[in-house]
1. Evaluate the range 6-28: report whether one residue or more is out of contact with any strand residue (DSSP E or B) (no Cβ under 9 Å at 6 or more places or on another chain) and at pLDDT 85 or above.
2. So residue 532 ticks every box in (1) over 30 Å from residue 611 (Cβ atoms); (2) within 60 Å of the chain's Cα centre (by Cα) but one. Which box is left unticked?
3. Within the range 548-555, is even one residue more than 24 Å from residue 615 (Cα to Cα), assigned to a strand (DSSP E or B) and more than 15 Å from the ligand (Cβ to nearest atom)?
4. Please verify whether the range 484-494 includes one or more residues that are within 16 Å of the ligand (Cβ to nearest atom) and either surrounded by 16 or more Cβ atoms within 10 Å (Cβ to Cβ) or part of a helix (DSSP H, G or I) (or both).
5. Is it fair to say residue 81 is surrounded by 11 or more Cβ atoms within 10 Å (Cβ to Cβ), under 19 Å from residue 141 (Cβ atoms) and either touching a Leu at 6+ places or on another chain (Cβ under 8 Å) or at pLDDT 80 or above (or both)?
6. Taking the range 435-489 on its own, how many of its residues are among the hydroxyl-bearing types (Ser, Thr, Tyr) and under 60 Å from the mean Cα position of the chain (by Cα)?
7. Return the residue satisfying two criteria in turn: it lies in the range 595-612 and is of a type in the set (D, E, K, R) and surrounded by 13 or more Cβ atoms within 10 Å (Cβ to Cβ), and of such residues it is farthest from the ligand (Cβ to nearest atom).
Amino acid sequence: MKETSNIFSNDQAIPGNSFQSQLSQADLTFKELVHALPVAIYTCDNEGFIDFFNPAAMALWGRQPEIGKDKWHSFWNYCHADGSAMPLDECPVAITLKSGQIFSAKEIKIKKNNHPCLNLLVSPCPIFDDQHHIIGVHNTVVDVTMQKQNEEKKAMLSALVESSDDAIISKSLQGMITSWNSGAEKIFGYTEQEVLGKHISIIIPHHLKSEEDTIISKVRSGEKLDHFQTTRVAKSGMEIPISITVSPIKDTRGNIIGASKIARDISERLLIERTIQQSTQNLRILNTIGKIISENLDARVILQEVTDATTEITGAEFGAFFYNTIDERGEAFMLFTLSGAPREAFEKFGMPRNTAVFNTTFSGKGIVRSDDIRKDPRYGHNLPHHGIPEGHLPVVSYLAVPVISSSGVVLGGLFFGHPEPGVFTLEHEAIVDNIASQAAVALDNSKYFEEVKALSAKKDEFIALASHELKTPLTTIKGYLQILEKSEQNDRDRLFIGKISNQVDKLNTLISDLFDVSKIEAGKLQLFMESFDLQELVTEIIETFQYTDKSHRIILQSDGKPLPLEADKARIEQVMLNLLTNAIKYSPKANEVLVTIESTESTVTVRVKDEGIGLSTEHQKKIFSRFYRAEGTANIAGLGLGLYLTKEIIDRHHGQIAVKSEPGKGSTFFFTLPLKPIMSDNR
Ligand code: ADP
């Protein structure tokens, strides 16, 4: 091991010897220089022992080496630049010591226990003696860790910018483009070379030019613009909807020197949003129309709804439903409902005729959908117009869907037109076809309903006629019975005449009820209004009733005060008789019926309470309808008309009628009528 020296064992120059002194001075200057250098420098002897180092080397090692003890490799583990372990004999210093090879800024990595890796550039050089033997190595070591990290970060960032589908653009505060990634190239169609140094307004549409001033003034004041939706123009001239985020770019001292702009092409997103909106809207329409179709029996309402909805869904300029009504010449179809255009727009031109284009639909051959009907080979062959008549709504896009009933009859067709080409899609076709099938079912139902209505009208007509015809002979029978009653009779004859008379009365009531029903249906039930006291009427009715019917005791509960009514007395009597007859008829095991009368200043309520068979809630809802009879009443005579008439009479008097009942416990029927207002005497 040779004699060692280092910067800290600073030899002083020997005064008096001028050459020696100059040399010492130079040595001193050199040592001071090395001492001050920020780069680590050290030397080692041929055995690797460190014999010289500067403070920067010491700082890098992390401690002061012990001269004669520490070797150049005593401080670290060595790695190649890629991070893989480097055996000691492959280290640059070891190679230089062994072979004299010179390294210039060789990149290595070092690891110190529990410390992050450092990137170093080492430049070991051999030191020779006079005989050119290697007696040591001097090495400069530069720590480039930070630089390396920055480079990596930069590379990563630019890879990120380049790989982004978004346009990432930077520009100066004057709006000059300073960088332009491949995303920007893809979206706007300009290459980086084409736009660098150009003003950003190159991609701003004319009508939005002022936007840039606002953006730049925000950037200047350090503000960020987040997800701002606007439009930019591509090289091709196409306008692209974009969402942009603009942020200020600052230099190392924090001064704003430009702006970065991230722009995302949102045309696809907007398209999806629009499609979702459209689908939701279509679903809503389909839902509404499904409801209307299923709930309605009126053909015109159904078809108008269908035409409106399908016109809206398809985006047609107008839509129409034509009935498949062939005229005497076997030609025209009838316009039934129209949407999107005034009726006159069609009526001036007459109905569509049996042309090749229309025939496809009306003969049920299928749907016709055309982006431009004028190019259809079936179009334009008919006189006199050879296509759409002059002045008619222009039709370029055309869609026609037949409406076919379940029995295969083509009821008509839904037609849609638009002056632009290519408006109707396959999806429109499918939706309209679906609605057309639903409409066909509804139209079938509506037809059946009309038939049922016609049959029902016939039945009412028959009832009116029959009850009228039955009444005449019955009146005659009743007349002869009255003559017989007055003539001399034995006991047996009197009994029989009495029984016949009773049955004739019942028959008479039934026929009267039937006659009343037919009058109600025809809207001809007349009321003959008069003033009377309800209290008096009810009392009389009960007395008479009690006289003929002894099976039940009818109890009247009332304060007895007069109850003035303006009503049809005979009809109110009919109501009372119906309720009393029912109360007795439907309480065969009981022997009492309670009638109560209560009044307020303006109304009177009469209740008829029995302790009979009662009614379930389900039946209670239905007993006021025509011919309705509750279950379990088959052995009790009746037609199911009394309550229907009763309700009609009360309704016509602006009153209300209802029932409270419990099966097996009895029922209370009650009606309320308005009392005749008492005129105040102002004299
Ligand atoms: P009808 O008595 O001729 O059948 P109504 O119209 O008077 O016809 O009554 C309709 C139905 O209501 C009856 O068939 C019966 O089922 C039920 N109903 C009416 N009154 C009563 C009652 N007091 N108690 C139980 N059920 C009744």
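The values are calculated or read from the model by the stated rules, or taken from the named source; none is laboratory data. Keep in mind that what you see is a predicted model, and the values were worked out from it rather than measured. So basically every Cβ, Gly included, is an ideal-geometry build from the backbone, and we count neighbours across all protein chains shown.
1. Taking every residue of the range 6-28 in turn, none turns out to be out of contact with any strand residue (DSSP E or B) (no Cβ under 9 Å at 6 or more places or on another chain) and at pLDDT 85 or above.
2. (2)
3. no
4. The answer is no, given that none of the residues of the range 484-494 is within 16 Å of the ligand (Cβ to nearest atom) and either surrounded by 16 or more Cβ atoms within 10 Å (Cβ to Cβ) or part of a helix (DSSP H, G or I) (or both).
5. yes
6. 5
7. Result: 598.
For (1) of a type in the set (A, V, I, L, M, F, W, C); (2) free of Cβ contacts under 8 Å to residues at least 60 places away in the same chain, each residue gets a yes or a no:
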{"site": "223", "(1), (2)": "no, yes"}
{"site": "227", "(1), (2)": "no, yes"}
{"site": "234", "(1), (2)": "yes, yes"}
{"site": "241", "(1), (2)": "no, yes"}
{"site": "258", "(1), (2)": "no, no"}
{"site": "269", "(1), (2)": "no, yes"}
